[in-house]
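**Student:** What follows is a single structure, and I will ask about it in a moment.
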Amino acid sequence: MSPAITPFRVEVPEADLDDLRERLARTRWPEAETVDDWSQGMPLSYARELCEYWRTSYDWRAAEARLNAVPQFRTEIDGLSIHFLHARSPHPNAMPLLMSHGWPGSVVEFLDVIELLTDPADPADAFHVVCPSLPGFGFSGKPTDTGWTAERTADAWAALMARLGYERYAAHGVDWGSFITAIVGETDAEHLAGIYLAMPFARPPQEQVELSERDVAGLAALKEFQRNEGGYSAIQTTRPQTIGYGLTDSPAGQLAWMAEKYWAWSDHDGEPGKAIPRDRLLDAVSVGWFAATAASSARLYWESQNKMALAPVHVPTGVSIFPKDGRMPRPWIESRFTDLRSWKDHEYGGHFPALEQPEVLASELRAFFRPLR
């Protein structure tokens, strides 16, 4: 008998909201940066402004209501409580779609795209949407032992879809969700209609391949990312517990650690609110704060960063490449994803398509999976 699937609602106690506001009011601020840009991290003036808005104006209860408007559940898989959104389409022939987030995200990233997918203009394009919270993220359980790798998470996702009765489904992922979705493509291919990825990764093929100017520029950008943006990853890969103490105790620290990445990885002209509205940004930060997942979410890096096989994937695959996101050479991706049916280089956009361009993402998912139904 399968473990129970139980309804779940997000209900943060008022005392936790009071505690957040009190902690923000007592923040011990560092001195200002010595540059006039973001090259040393989030500027003090922006941090103070955003924390003050979080303390005095942001409405968590509105975010909570948005979450609770989507059916949510928990179920135990491989000894861990897994939280997930399960938005069934009103159209009975809808295709099941598994959507996986990454870091610093959570399922709140997908709230603006769910209805576009479950109830589109053409019922033939409808999806039943399943959005699980990664282990140690959001409202899923926090692993108490080692071994919750990206591969183990992919196995849990396949078990979840089977438990929900979906014998054939589609999958989409971003960031860690992209890695996990690709692994599902490796290990649960017999149940997959196809996968659609943002930020796909692959190793260089053994044979010599010709790279385009865009491919070469993408590799250079990844190298620059590691040099100038990779500090968070190095820390979370090596010392997730240590960074967790500060972020779990200080909401200003948690906000800066997460929001700096939303600024750096979204496509804007210097004002992050133009790409991701301030309230949507604080929705993500608030989930991390109230669920106290600074250490547990960072631990996925310790478990899996640079340790994945990146094995061949033979299911139908589509990819979207956004200019503010990582871009690996197309020949490398074609070598790993042997049935690559769609590749789109966008002129605009970043690492968080469901937040930055939900209409575009929904349109691409509908178009890619339409012939695979």
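The values are calculated or read from the model by the stated rules, or taken from the named source; none is laboratory data. Predicted, not measured: the structure shown is a model, and the values here were computed from it. Virtual Cβ from ideal backbone geometry, glycine too; neighbours counted across all protein chains shown. Side chains are part of the model used for accessible areas, which takes the heavy atoms of the whole protein and leaves out ligands, DNA and RNA. Shrake-Rupley method; radii C 1.70, N 1.55, O 1.52, S 1.80 Å.
**Student:** Using a cut-off of 13 Å between beta-carbons, work out the net charge of the residues near Pro240 (Lys and Arg +1, Asp and Glu -1, Pro240 not included).
**Tutor:** Local net charge: +2.
**Student:** For the stretch 76-85, take each phi angle, set θ = phi - 60°, evaluate the Karplus expression 6.51 cos²θ - 1.76 cosθ + 1.60, and give the result in whole Hz per residue in order, putting x for glycine and proline.
**Tutor:** Each residue's phi maps through the Karplus curve to give 8, 10, 6, x, 10, 6, 10, 8, 7, 8 Hz.
**Student:** ³J(HN,Hα) across the stretch 140-146 via Karplus (A = 6.51, B = -1.76, C = 1.60, θ = phi - 60°), whole Hz, x for Gly/Pro?
**Tutor:** Result, ordered by residue: 7, x, 9, x, 9, 9, 6 Hz.
**Student:** A further question on this structure: How much net charge surrounds Glu115 when only the other residues with a Cβ under 15 Å from the Cβ of Glu115 are counted, with Lys and Arg +1 and Asp and Glu -1?
**Tutor:** Combined, the nearby Lys, Arg, Asp and Glu give -3.
**Student:** Shifting gears a bit: How long are the three semi-axes of the equivalent ellipsoid of the stretch 207-356, in whole Å, if each is the root of 5 times an eigenvalue of the C-alpha gyration tensor, listed from largest down?
**Tutor:** Equivalent-ellipsoid dimensions as semi-axes: 30, 20, 14 Å.
**Student:** Ordering Arg21, Arg214, Arg336 by accessible area with a probe of 1.4 Å, largest first, what comes out?
**Tutor:** Arg214, Arg21, Arg336
**Student:** Then there is this: For the chain, what is the number of Lys pairs with C-alpha distance below 30 angstrom, counting only pairs 8 or more positions apart or on separate chains?
**Tutor:** Pairs that pass both the separation and distance tests number 16.
**Student:** Can you give me the solvent accessible area of Asp16 with a 1.4 Å probe, rounded to the nearest 10 Å²?
**Tutor:** Spelled out: Asp16, probe radius 1.4 Å, area about 60 Å².
**Student:** Please list the non-local residues whose amide H lies under 5 Å from the amide H of Ser100, H modeled 1.01 Å from N, same-chain partners needing a gap of 5 or more.
**Tutor:** The list, which skips near neighbours in sequence, is His172, Gly173, Val174.
**Student:** Could you go through the stretch 91-102 in sequence order and give the Karplus-derived ³J(HN,Hα) for each residue, using 6.51 cos²θ - 1.76 cosθ + 1.60 with θ = phi - 60°, rounded to whole Hz, and x for Gly and Pro?
**Tutor:** Per residue, the Karplus-derived 3J(HN,Hα) values read 9, x, 8, 4, 8, x, 10, 8, 10, 10, 8, x Hz.
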